[in-house]
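Asks: Before anything else, here's the structure in question.
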Amino acid sequence: MRRPLIAGNWKMNTDRASAVALATGVARRASEFAQLDLLICPPAVYLIPAAEAIAGSKAALGAQNMYHEANGAFTGELSAAMLLDVGCKYVILGHSERRHILGETDSAVNKKTIAALDAGLIPIVCVGEMLAEREAGKTADVIRRQFEGSLAGLTAEQAGRVVLAYEPVWAIGTGKVATLDQAEEVHAALRSLLAQRYNRQSADSVRILYGGSVKPSNAGELLSQPNIDGALIGGASLKVDDFLGIAAAAK
Ligand code: PGA
């Protein structure tokens with residue numbers, strides 16, 4: 001049985017005061033959701049105050065990105081050890097905004113994934129096709145290429161510790177949600193890729209989140225799909241009631 005994961009990706013939003021207020025609001029009600037994992041991913045500069053705000057609650061902390069090297073002359077970057085040091089348990093990797101706006105490649109995502117796993121962070125590795133790719137019938141190819149590239153070289157044991165997120169790029173921040181069939185089809189395809197590449201046990205244990213305009217009103221039906229094990233939420237994670245409304249739908 002896979003434990004649902006409800007993850008809030010705050011992206012480049014909030015300021016110090018609103019980040020603390022949001023983290024506090026989530027932490028206060030986190031005990032209502034004993035049967036799932038709740039995760040907040042604030043901007044890096046607010047990880048420490050957010051960690052303080054959720055201390056003692058069952059909400060977990062994650063970062064939105066990291067660099068694969070352990071330390072050294074990499075101006076502006078953060079290592080897995082630094083994220084662990086401030087209380088992170090998870091890190092989002094290869095989000096489509098990093099892939100498409102900041103030029104991150106599968107190979108970069110792969111290095112980061114391995115570094116995160118080696119350090120003991122749980123990577124949330126994102127994949128997803130762009131609208132033109134879906135319209136050209138290339139969704140399955142794009143997902144396979146990103147899956148294979150991002151997870152290259154992982155052992156079955158390492159793959160079993162990864163969380164995957166399917167986020168169709170055309171559904172992110174647009175209000176357009178994939179239909180249940182579109183989402184479930186890709187989730188099921190990802191699970192068979194896991195089974196083919198690794199083994200049934202890894203395939204059955206890996207959580208695959210859906211992301212892209214998830215709201216309290218559509219979360220229930222998305223999360224009831226057999227291969228959708230949680231949600232990666234952008235916009236709706238910036239309001240405590242919306243974020244926890246989605247968590248309530250996962251119960
Ligand atoms: P959205 O973002 O919920 O605002 O569509 C999802 C994501 O990018 O993780």
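Asks: For the ranges 199-206, 216-223, 131-138, what's the packing order if you count other beta-carbon atoms within 10 Å of each residue, average per peptide, and put the highest first?
Replies: Numbers: 199-206: 15.8, 216-223: 18.4, 131-138: 13.0.
Those peptides, ordered most packed to least, come out 216-223, 199-206, 131-138.
Asks: Of the chymotrypsin sites (Phe, Trp or Tyr not before Pro) in the range 163-215, which ones lie in a loop per DSSP and count no more than 13 other C-beta atoms within 10 Å?
Replies: Working: sites: TYR166, TRP170, TYR198, TYR210; in loops: TYR198.
Within the range 163-215, no chymotrypsin sites (Phe, Trp or Tyr not before Pro) qualify (loop, at most 13 other Cβ atoms within 10 Å).
Asks: With N residues in the chain, what two-decimal value do you get for its Cα radius of gyration over 2.2 N^0.38 Å? If you can, show how the numbers build up before the last one.
Replies: Numbers: Rg = 16.7 Å, N = 251, 2.2 N^0.38 = 18.0 Å.
Cα Rg divided by the expected 2.2 N^0.38 Å: 0.93.
Asks: How many percent of DSSP beta bridges within the range 3-123 run antiparallel, rounded to 5?
Replies: Working: 0 of 12 bridges.
Once the DSSP bridges in the range 3-123 are tallied, antiparallel ones form about 0 percent.
Asks: OK, next. Taking a 28 Å limit on the Cα-Cα distance, which of the listed pairs LYS11/LYS251; LYS89/LYS176; LYS11/LYS111; LYS58/LYS215; LYS111/LYS239; LYS89/LYS111 fall beyond it? Please report the intermediate quantities before stating the final value.
Replies: Details: LYS11/LYS251 25 Å; LYS89/LYS176 30 Å; LYS11/LYS111 22 Å; LYS58/LYS215 22 Å; LYS111/LYS239 33 Å; LYS89/LYS111 18 Å.
Violating the 28 Å Cα-Cα cut-off are LYS89/LYS176; LYS111/LYS239.
Asks: Whole-Hz Karplus ³J(HN,Hα) for the range 229-235, in order, using 6.51 cos²θ - 1.76 cosθ + 1.60 and θ = phi - 60°, x for Gly and Pro?
Replies: Here the 3J(HN,Hα) series is 10, x, 9, 10, 10, x, x Hz.
Asks: Which distance in nm do the two modelled labels at ASP118 and THR179 give, with both placed 7 Å along the Cα-to-Cβ direction?
Replies: My value for the distance between the label points is 4.5 nm.
Asks: Using Cα springs under 10 Å in a Gaussian network model of the chain, which residue among GLN64, GLN146, GLN182 shows the largest mean-square fluctuation?
Replies: Per the Cα network of the chain with a 10 Å cutoff, GLN182 tops the list.
Asks: Which of the peptides 29-41, 11-23 is most tightly packed, and how do the rest follow, judged by the mean count of other Cβ atoms within 10 Å per residue? Please list the in-between numbers first.
Replies: Details: 29-41: 19.2, 11-23: 16.5.
Descending packing order for the listed peptides: 29-41, 11-23.
Asks: Let me cross-check ILE208: its accessible surface, 1.4 Å probe, with only protein heavy atoms counted, in Å² to the nearest 10?
Replies: About 0 Å², ignoring ligands and nucleic acids.
Asks: Here's something else I'd like to know. In deg cm²/dmol and to the nearest 500, what is the mean residue ellipticity at 222 nm of the chain if only DSSP H runs of at least 4 residues count, each as -39500 (n - 2.57), divided by the residue total?
Replies: Numbers: 12 runs with 111 residues, N = 251.
Counting only the DSSP helices, I get -12500 deg cm²/dmol.
Asks: Moving on to the next point. Rg and Dmax of the range 86-194 over Cα atoms: what are they, in angstrom?
Replies: 13.7, 43
The values are calculated or read from the model by the stated rules, or taken from the named source; none is laboratory data. Everything quoted here is computed from the prediction, not taken from an experiment. Here Cβ is always computed from backbone atoms with ideal geometry, including for glycine, and neighbour counts include all displayed protein chains. Heads up: the accessible areas ignore ligands, DNA and RNA and are worked out on the full protein's heavy atoms, side chains in. Shrake-Rupley method; radii C 1.70, N 1.55, O 1.52, S 1.80 Å.
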